[in-house]
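Single-structure report; data block below.
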Amino acid sequence: MSALRKTALTVAAAALLPVLTAAPALASPPADKEDKQPQPPAAMSTVGGVKLGRPGTQVNLAPGVPVLPKEVTGRSWIVADAESGDVLAAHNAHWRLPPASTLKMLFADTVLPKLPRTQTHVVTAEELAKVGEGSSLVGVKEKQSYTVHDLWLGVFLRSGNDAVHVLSSMNGGIAKTVKDMNDRAAELQALDTHVVSPDGYDAVGQVSSAYDLTLIARSGMQNRDFREYCSTPRAKFPGEVKPGNKKRSTFEIQNTNRLLTGDYGIPAYQGIAGVKNGSTTHAGATFTGVAERNGRVLLVTVMNPSAKEGHAVYKEAARLLDWGFSAAGKVKPVGELVPPKSAQTGPGTGESGGNAQTGPGGGDQAAGEGNGKATVAAAGGSGGAGTALAVTGGVLALLAGGAFLVNRRWPLPDLVRRRRHTER
């Protein structure tokens, strides 16, 4: 081929190159049809492991490990072994997102141990004045008396922001409670979490992550009362005292956790034992759950699924739990749930400390409580709750030099007994 012909072909190819490289752009969808879903940060926290800081799905698939379910659209999710702390799989685990009412788990983990459950309180108008518009409510009324136990049922079952505000007032006010919650998050190493409103109501700068919510739930489950409330499917709540009536009326409240109660076409999940659901305009639907099957306890968190199917957050959580139970013992973990700062005795270990909040609000007492066993109660009935989780306080008491020393096992108290609820 002559040099002239080669030159001509080279020039022609160069002329065609912009057209050829531009061709795919002509086939791309119009701008208004492009995926407008927010994207996770390119780099996130690596608490719990380097892989947990990477965007996208993290799982170590290998021969014999089941494939993750395809119908999972949550912006962020995690599946973890509640007792070992192994993270079996995760997706954008440290993406800081609005948590909605799943933040109430941190509220409970922080405040519940401080207030005796039998303490009574007369509600004032000021305590209810700043409850956000459109909030979920249990029906707390001013000038009426409630026990702390009543109010916690309102928090866990009906996600009552009114009950949160009253309990916050009893804890010293909203500002103090927010500070206490942020301090507690730091202690748990839930470093993606920043609290602005204790009830999870949408607020600028209020965020958490699937990783943090799972840490928080795991901490809360150390407390007997927390376990009781989050696994209670239904209960009686005090009504108003009518003039001239000596006896106070009650009304039934049902837990809004659909995997616990089974409702709206969502079957109760076998082995479910809590913990908390949420939904707001900015957060979408959020959910953290704990379930037991064949002696293994798993935690799952799903944040803001984009699927159009009804109650997608519960369906996706159930799919991930199913996968977790089938994959546990086969899949190599991608990270771990770290212990609280006070529970650390060395790098990556946590053999003492734990949730040492065993004050007047209840929880697992450090001593003088027999063998320390505690079962999950289902106040006001149980229908459709599946198998509830029952765990001990995990207390090891040592008598040394006349001093009674207590070391709390971390991450979870031992699983000792499972209580089956009667299906509806």
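The values are calculated or read from the model by the stated rules, or taken from the named source; none is laboratory data. As the structure is a computational prediction, the values presented were derived from the model and not from experiment. Because the Cβ atoms are built from the backbone with ideal geometry, glycine has one as well, and the counts that use them run over all protein chains shown. Please note that ligands, DNA and RNA were not included when accessible areas were found on the heavy atoms of the full protein model with its side chains. Shrake-Rupley method; radii C 1.70, N 1.55, O 1.52, S 1.80 Å.
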Looking for whichever is of a type outside the set (Gly, Ala, Ser) and at pLDDT below 95 here; the options are 179, 141, 130. Which one fits?
130
Just to be sure I understand, how many residues within the stretch 268-290 are within 16 Å of residue 96 (Cβ to Cβ) and either small (Gly, Ala, Ser) or out of contact with any Leu (no Cβ under 8 Å at 6 or more places or on another chain) (or both)?
5
Return the residues of the stretch 60-92 that are over 17 Å from residue 287 (Cβ atoms) and charged (D, E, K, R); say none if nothing qualifies.
70, 81, 83, 86
Quick one: would you say residue 196 is surrounded by fewer than 19 Cβ atoms within 10 Å (Cβ to Cβ), touching a Lys or Arg at 6+ places or on another chain (Cβ under 9 Å), assigned to a loop (DSSP other than H, G, I, E, B) and in contact (Cβ under 8 Å) with a residue 12 or more places away in the chain?
no
Those residues of the stretch 333-352 which are under 18 Å from the mean Cα position of the chain (by Cα) and either assigned to a loop (DSSP other than H, G, I, E, B) or modelled with pLDDT under 95 (or both) amount to 337, 338, 339, 340
Just for helices (runs of 4 or more DSSP H) wholly inside the stretch 79-167: which have at least 3 residues that are buried (at least 24 other Cβ atoms within 10 Å of the Cβ) and out of contact with any Ser or Thr (no Cβ under 7 Å at 6 or more places or on another chain)?
104-111, 148-158
Looking across the stretch 257-290 at residues that are open to solvent by less than 20 Å² (accessible area, probe 1.4 Å) and hydroxyl-bearing (Ser, Thr, Tyr), the single one that is nearest to residue 206 (Cα to Cα) is 286
How do the pairs read when you match residues in the stretch 77-97 that are on the phi > 0 side of the Ramachandran plot with residues anywhere that are among the hydrophobic types (A, V, I, L, M, F, W, C), using Cβ under 9 Å and keeping only pairs 6 or more apart or on different chains?
85/337; 85/338; 85/410; 85/412; 92/44; 92/77; 92/210; 92/303
Residues 70, 51: which one is surrounded by fewer than 19 Cβ atoms within 10 Å (Cβ to Cβ) and part of a helix (DSSP H, G or I)?
51
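Would you check if residue 236 is in contact with a Ser or Thr (Cβ under 8 Å, 6 or more places away or on another chain), of a type in the set (Lys, Arg) and open to solvent by 10 Å² or more (accessible area, probe 1.4 Å)?
Working: in contact with a Ser or Thr (Cβ under 8 Å, 6 or more places away or on another chain): yes; of a type in the set (Lys, Arg): yes; open to solvent by 10 Å² or more (accessible area, probe 1.4 Å): yes.
So residue 236 passes the test.
Pick from the stretch 239-256 the residues that are hydrophobic (A, V, I, L, M, F, W, C) and open to solvent by 10 Å² or more (accessible area, probe 1.4 Å): which of them is farthest from residue 296 (Cα to Cα)? Walk me through it before giving the result.
Taking the stretch 239-256 and keeping what is hydrophobic (A, V, I, L, M, F, W, C), we get 241, 251, 253.
Filter again for open to solvent by 10 Å² or more (accessible area, probe 1.4 Å), leaving 241, 251.
Values: 241: 46, 251: 36 Å.
Step by step, filter the stretch 239-256, then rank; the result is 241.
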